[in-house]
Amino acid sequence: TPTRDGNRSVGRKTSRCGTSEFSATALTNWSVTLFLTEVLSFWYLASYVAANGAAILVNFLYQRHITFGVKDKVHQRMRRFFAIMICTAILNVTLVYMLTEYLGIFYFVSIVAVTLVMAVVNYLLHKLVTFRPPPSVPTAQ
């Protein structure tokens with residue numbers, strides 16, 4: 001059985017994060033990338049960069065309200081969130097470029113693979129850095 005984290009199980013929170021990453025990052029990212037690349041004929045990497053920007057905004061709102069359910073320290077958490085997301089977005093774009101250009105993998109397959117791996121990385125970073133609960137204060141007995 002999963003350990004308890006407040007009144008929510010860790011398993012349920014992790015599952016909710018998976019939904020968050022899939023809906024916020026994957027669906028936004030993939031649909032914007034495909035639209036810009038296949039419909040408007042943008043270069044796949046330019047499309048992916050624009051899609052990452054859109055996904056980051058959606059992801060912050062979803063993570064804050066749904067996955068971690070925090071309402072405090074909005075500006076501090078937002079700065080941490082965007083710092084992490086900008087760094088991981090740079091890594092995302094670099095990995096997609098390398099997989100596509102150097103290994104010859106179709107650009108969308110590269111994007112799907114990188115998105116799935118980075119969803120786990122982003123969740124762990126946000127859990128440990130952005131949305132970590134404040135340290136508990138010992139009470140006098």
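Qualifying chymotrypsin sites (Phe, Trp or Tyr not before Pro) in the range 86-126, where qualification requires a DSSP coil assignment and no more than 11 other C-beta atoms within 10 Å, comprise PHE106.
Here LEU124 and VAL39 are evaluated by their C-beta separation; at R0 = 41 Å the FRET efficiency comes out at 0.75.
The numbers here are math on the coordinates, done by the rules we state, and not lab data. No experiment lies behind these values; they were computed from the predicted model shown. No Cβ is skipped: glycine too gets one built from the backbone with ideal geometry, and neighbour counts run over all protein chains shown.
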